[in-house]
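For reference, the structure is listed below as structure tokens.
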Amino acid sequence: FFPVETSRLLVVTTLAIYEHDFLDKTSSLFSSNSLSIQKGFGNGQSIFGSAVESGIFRLGKNYAMNRCISKEKGNEINPSCITIDFKNRIWAGSLEKGLIVYENGAITRFTYPEIKNYTIRKIITEQDHLYLGTIGKGFALVKHAKVSQLKFDALSDKNIKPIFQSSDSSIWIGTRLDGLQRIKNGKLSTFTGNEGLLQNGVTTIGYSNESIYDWSTSGISLIHLKPNQVVY
């Protein structure tokens with residue numbers, strides 16, 4: 001049930017969407033009577049619906065259904081566990097594990113080792129806090145983090161040692177066994193023995209005269225920022 005005006009109530013059912021007027025004591029159909037709606041959700045600003053064949057849609061002016069998540073993109077969403085927060089982001093539990101958030105046309109997935117692959121049955125939002133009710137793993141609180149992990153597969157599970165920022169704002173990351181990584185403009189470049197490093201184990205990173213110095217137990221490798229290649 002969603003109040004839309006003082007005397008009107010929007011009713012989302014498993015078969016259709018109706019508007020009920022308490023003054024006129026009438027109900028009007030505002031969707032196909034064959035629309036299979038699994039869940040209606042929303043807040044004072046927006047109202048959404050999750051339908052089997054239509055994905056997730058937002059009710060616009062005159063209750064026009066504007067699709068925001070297609071059936072194909074939303075096929076991992078648990079239709080009974082979906083809600084919206086104060087920023088109009090859609091949060092949902094997945095059918096297998098973790099959380100799914102839809103924001104600005106993009107879907108992002110979060111997994112937490114604390115709840116592993118336990119099903120999330122219920123989500124309640126409170127500002128930047130999420131309260132999760134799970135099946136078999138109890139009650140969990142997720143808080144907004146100011147620190148997030150960079151989404152580069154090459155850095156996943158690596159043993160990171162030195163980190164350095166050069167004059168061109170690029171970030172250089174040394175690893176224990178996997179060489180030197182460079183992040184610039186959102187892209188990752190990798191330097192290993194294949195590119196000329198003396199050793200893939202990096203102990204210290206330095207900078208001088210537009211060049212990066214890579215210290216290892218085997219000696220020092222020099223990388224010129226232009227053209228961004230190992231010199232020796």
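The values are calculated or read from the model by the stated rules, or taken from the named source; none is laboratory data. Bear in mind that the values here come from a model prediction, so they are computed numbers and not experimental data. No Cβ is skipped: glycine too gets one built from the backbone with ideal geometry, and neighbour counts run over all protein chains shown. For the accessible areas, the whole protein counts, side chains as well, though only heavy atoms, and no ligand, DNA or RNA atoms are used. Shrake-Rupley method; radii C 1.70, N 1.55, O 1.52, S 1.80 Å.
Kindly indicate whether residue 190 is farther than 28 Å from residue 110 by Cβ, among the polar types (S, T, N, Q) and surrounded by 13 or more Cβ atoms within 10 Å (Cβ to Cβ). Answer is no for this residue. Contact annotation: no residue pair with Cβ atoms under 7 Å, 6 or more positions apart or on different chains, pairs a residue in region 202-220 that is touching a residue at least 60 places away in the same chain (Cβ under 8 Å) and within 16 Å of residue 162 (Cα to Cα) with a partner that is loosely packed, with under 12 Cβ neighbours inside 10 Å and basic (Lys, Arg). Scanning region 102-113 for residues that are surrounded by 11 or more Cβ atoms within 10 Å (Cβ to Cβ) and without any contact (Cβ under 8 Å) to a residue 40 or more places away in the chain yields 103, 107, 108, 109, 110, 111, 112. The residues on offer are 57, 30, and the sole one that is of a type in the set (Phe, Trp, Tyr), more than 29 Å from residue 127 (Cα to Cα) and surrounded by 13 or more Cβ atoms within 10 Å (Cβ to Cβ) is 30. Checked against the criterion of being open to solvent by 60 Å² or more (accessible area, probe 1.4 Å) and either farther than 30 Å from residue 98 by Cα or assigned to a strand (DSSP E or B) (or both), region 142-153 contains one or more residues that satisfy it.
Considering region 130-186, the residues that are acidic (Asp, Glu) and within 23 Å of the chain's Cα centre (by Cα) include one that is farthest from residue 217 (Cα to Cα), namely 153. Just one residue in the set 199, 181 is open to solvent by 10 Å² or more (accessible area, probe 1.4 Å) and either farther than 17 Å from residue 155 by Cα or not in a loop (DSSP other than H, G, I, E, B) (or both); that residue is 199. Scanning region 221-232 for residues that are of a type outside the set (S, T, N, Q), in a strand (DSSP E or B) and touching a residue at least 12 places away in the same chain (Cβ under 8 Å) turns up 223, 224, 230.
Within region 64-91, the only residue that satisfies the criterion of being open to solvent by 80 Å² or more (accessible area, probe 1.4 Å), part of a strand (DSSP E or B) and closer than 16 Å to residue 106 by Cβ is 67. Against the definition (among the aliphatic types (A, V, I, L, M), modelled with pLDDT under 75 and not in a strand (DSSP E or B)), how does residue 15 come out, yes or no? Criteria not met by residue 15. If you go through region 202-215 and keep only what is aliphatic (A, V, I, L, M) and more than 20 Å from residue 156 (Cα to Cα), you end up with 205, 212. Of the set (1) closer than 18 Å to residue 133 by Cβ; (2) at pLDDT below 80; (3) aromatic (Phe, Trp, Tyr), all apply to residue 30 but (1). Restricting attention to region 43-63, the residues that are closer than 19 Å to residue 9 by Cβ and either among the basic types (Lys, Arg) or assigned to a strand (DSSP E or B) (or both) add up to 6.
Residues checked against (1) surrounded by 12 or more Cβ atoms within 10 Å (Cβ to Cβ); (2) closer than 23 Å to residue 77 by Cα; (3) free of Cβ contacts under 8 Å to residues at least 60 places away in the same chain:
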residue: 100; (1), (2), (3): yes, yes, yes
residue: 121; (1), (2), (3): yes, yes, yes
residue: 125; (1), (2), (3): yes, yes, yes
residue: 130; (1), (2), (3): yes, yes, yes
residue: 159; (1), (2), (3): no, no, yes
residue: 162; (1), (2), (3): yes, no, yes
residue: 167; (1), (2), (3): no, no, yes
